[in-house]
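One structure is given below, encoded as structure tokens.
The values are calculated or read from the model by the stated rules, or taken from the named source; none is laboratory data. Note that this is a predicted model, so its numbers are computed, not measured. In this analysis, Cβ positions are derived from the backbone assuming ideal geometry, glycine residues included, and neighbour counts consider all displayed protein chains.
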Amino acid sequence: MTWNPTTGCTKISAGCKFCYAEVMSKRLHAMGIEKYRNNFKLTLHPDSLLDPYSWKKPQLVFVNSMSDLFHQDVPLKFIQQVFKVMNDLPQHRFQILTKRAERLETLHRHLNWTENIWIGVSVEDERVNWRIDHLRSIDAQMKFLSLEPLIGPLKKLDLSGIHWVIVGGESGHKARPIKRKWVTEIREQCYQWCVPFFFKQWGKPVFNPNPNDPTINAVHPQHAKGGCSLDEYISHAFPEENYSEEEFTLHVHKDKLIHLPPLLIDSKSVFALM
Ligand code: SF4
């Protein structure tokens, strides 16, 4: 689920070009939704701070899917209020993703990084590799990279202190292509650093090197935009806290492989096989 104590943002790098939050904000604004009265302008929503206290069951929460919590117009005091909510509710796991890695590093000592808070930075190509260094230096207990939308190679990743890597291609009609080589280079680096690798999607079928990938089909249980198989496997590895070192290494290298059904099968047989 998502939780948006702020909405709106401003673009800061190439990864923002076709920002999903901007498109959605415009749509919701046009529909007259009060929370989006300011369209895509950065707006604080103090009333939303109470929302998580009403959730009955433990949730996996994407914080600020419609904004960037570390945007310069979000005061530290407000970020601390957001953290207080997350600190109060250890039964929920909160995932925060930012492109403002410098501000994250500047402010991190003023925030309480309980273990239910996972923090990641977006890196779309080598021009913003430096964001990873800022992430590495902070106190959080679980740090991840979102290499999405991947629009260029990332050949020299320093994954020390990083616990999870997610990779994905861009979707939408003007989407920029992702290359198989870029993805396999990242996968190889994850293996070398023993970091769980999660390949989310190709973005569009035309970017998928395997036109017969059954996960392109919307009825496949592992369906993702443009499909998500890579060299005939689905790589959906997660960081797991309860592995021994030996088990963890094995787990990472096995990459939670789910063998796909034989290729070139129609949607009905995919369904039957699963
Ligand atoms: S930082 Fe994220 S929310 Fe902000 S403009 Fe860029 S892609 Fe959109």
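With respect to the conditions (1) over 21 Å from His134 (Cβ atoms); (2) away from the ligand (no atom under 14 Å from the Cβ); (3) not small (Gly, Ala, Ser), Met66 lacks only one, and its number is (2).
Across the stretch 1-14, a minimum of one residue is classified as exposed (fewer than 12 other Cβ atoms within 10 Å of the Cβ) and either of a type in the set (A, V, I, L, M) or away from the ligand (no atom under 16 Å from the Cβ) (or both). For the residues Gly120, Gly152, the requirement of being touching a strand residue (DSSP E or B) at 6+ places or on another chain (Cβ under 9 Å), at pLDDT 95 or above and closer than 26 Å to Phe198 by Cα singles out Gly120. Scanning the stretch 1-51 for residues being among the polar types (S, T, N, Q) and over 23 Å from Phe94 (Cβ atoms) gives a total of 4.
Residues of the stretch 47-69 being polar (S, T, N, Q), in contact (Cβ under 8 Å) with a residue 24 or more places away in the chain and assigned to a helix (DSSP H, G or I), which ones? The answer is Ser48, and nothing else. In the stretch 15-26, the qualifying residues are those that are within 9 Å of the ligand (Cβ to nearest atom) and out of contact with any strand residue (DSSP E or B) (no Cβ under 8 Å at 6 or more places or on another chain), and the one that is modelled with the lowest pLDDT is Tyr20.
Of the helices (runs of 4 or more DSSP H) lying entirely inside the stretch 70-153, the ones with 1 or more residues being buried (at least 18 other Cβ atoms within 10 Å of the Cβ) and charged (D, E, K, R) are found at 101-107, 130-136. For the stretch 27-43, state whether one or more residues are surrounded by fewer than 18 Cβ atoms within 10 Å (Cβ to Cβ), within 14 Å of the ligand (Cβ to nearest atom), in contact (Cβ under 8 Å) with a residue 60 or more places away in the chain and assigned to a loop (DSSP other than H, G, I, E, B). No, the stretch 27-43 contains no residue that is surrounded by fewer than 18 Cβ atoms within 10 Å (Cβ to Cβ), within 14 Å of the ligand (Cβ to nearest atom), in contact (Cβ under 8 Å) with a residue 60 or more places away in the chain and assigned to a loop (DSSP other than H, G, I, E, B). No other residue among Ile119, Ile151 is more than 13 Å from the ligand (Cβ to nearest atom) and aliphatic (A, V, I, L, M) apart from Ile119. The set of residues in the stretch 120-146 being over 14 Å from the mean Cα position of the chain (by Cα) and within 15 Å of Gly168 (Cβ to Cβ) consists of Asp125 alone. When Trp164 is tested against the conditions (1) touching a strand residue (DSSP E or B) at 6+ places or on another chain (Cβ under 7 Å); (2) crowded, with 23+ Cβ neighbours inside 10 Å, the lone failure is (2).
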